[in-house]
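A.B. asks: Encoded as C-alpha cells, here's the structure I'll be asking about.
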Amino acid sequence: MSVDILLVTDDSSREDIAEALTHLAKYAAHQLHHPDCTPWVTAHSPDRRIAHRLGGGFMTLNAEMILDQKQSPGLIENPCRDALIELASKVSAGRTIVELGSFKGRSTAHLALGSSRGNAVAVHAYDPWDNGDTPAGYETHAPSIVEYVRSETREAFDAHMARTGAGEYVTAHQSTGVDGAKDYDDLDVALLFHDALHRKEDVRDDLKAWLPNMADDAVIVLHDVGDPRFEVEEGARLALTRTKVLREKWNWEGREVHLWAKQPTKRGFTIVRTR
Ligand SMILES: C[S@@+](CC[C@H](N)C(=O)[O-])C[C@H]1O[C@@H](n2cnc3c(N)ncnc32)[C@H](O)[C@@H]1O
C-alpha cells in the first residue's frame, strides 16, 4: 500500500523532519498492524526561511521476498542477514548506511529492510558491476567472480530493488568503494557493510578510504571472514589499527566474530564497533 502525503513544516532541520516522519510511520504501522510501513522522503526545500515541503508517503517493503534466500539473489547467509537488518534498524535519523559490494542486491535489501524498520535512513550501495576488475586467480577463491562483471548482475540488482520496494531507500553507485569515498563528503556513515573484493589489500584500501566518513558511534560489518583463503580480518586490522587515533576510536580487540555454523570456513562475518 502507498499513501501520499505532503508535509509543510516550519524551520525544522532535516533530522527533526525525519524523526517526525518516523514517528508518524510507526503510528501508521501500528494502526495497520504492519511492521514494514515506513516513511520515505522525496524532496526537501533548501530554503529554511520558508516552509519545508516534503513529498512523502508510506512504503511497504516486501519483507517476505527480502528474507527468502530463494527469492533474494545473492551470497549472504541468514545469520549475517539477521545481523544486517538488526544493525540497520538501529541507525539514528540523519545518518547513513554504506555497502561496498552489492552484487545482485541481497544484502542491500537486508539493509534497506532494517532501515525501514528503524529511522528510514538512506542506504548507499557501491559496486562497479560491469566496469569492475576481475583480478587474476581470484576465481579459484570465488567462482562467482565471473558474474560480478556481467551486465545481467546489475539488471538483477535493479529488479530486486524494484520488486521488493528496497529501492526507495537505496542509491546505487556504479563505482568501486575507493572511488566512491572520494565523492562522499559527509561524516555521517553509521553502518558500513564490506562485501567487495576480499583480499587483504582490497579490504585495507576500502576501509582506509571510508574511515574518514564514519560517525563517532559507527559500526563496520565485514563479510567472508571465515574463509581462510581470504585475509579479510587482516586487511581490516591493518586499516583500523594503523594510527593511535584509530586504535582509540575502534575497538578492534573487542570485535565479534560470527563464523557460519553450517560451514565455518565459508562466509561468516565480523562486527567492529567504536569504543
Ligand atoms: C561477494 S559479492 C557481494 C555479494 C552481495 N553482498 C550479496 O548480498 O550477495 C562481491 C561484489 O563486490 C563487487 N566489487 C568488486 N570490486 C569492488 C570494489 N572495488 N568496490 C566495491 N565493490 C566491488 C563485485 O562486483 C561483486 O558484485
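A.B. asks: Does region 120-160 hold any residues that are part of a loop (DSSP other than H, G, I, E, B), within 9 Å of the ligand (Cβ to nearest atom) and either hydrophobic (A, V, I, L, M, F, W, C) or not assigned by TED's automatic domain parsing to the domain that holds PRO73 (or both), and which are they?
C.D. replies: Selection gives ALA142, VAL149.
A.B. asks: Now, a different point. Scan the helices (runs of 4 or more DSSP H) fully inside region 165-275 and keep the ones with 1 or more residues being under 23 Å from PRO79 (Cβ atoms).
C.D. replies: 200-210, 232-240
A.B. asks: When the residues of region 89-119 are narrowed to those that are more than 15 Å from TYR184 (Cβ to Cβ) and among the hydrophobic types (A, V, I, L, M, F, W, C), which ends up farthest from the ligand (Cβ to nearest atom)?
C.D. replies: ALA93
A.B. asks: For region 75-113, how many residues are over 22 Å from PRO264 (Cβ atoms) and surrounded by fewer than 20 Cβ atoms within 10 Å (Cβ to Cβ)?
C.D. replies: Of the residues in that region, 5 qualify.
The values are calculated or read from the model by the stated rules, or taken from the named source; none is laboratory data. Just so it is clear, the structure is predicted and the values come from calculations on it, not from any experiment. Every residue, glycine among them, receives a Cβ derived from its backbone with ideal geometry; neighbour counts consider all protein chains shown.
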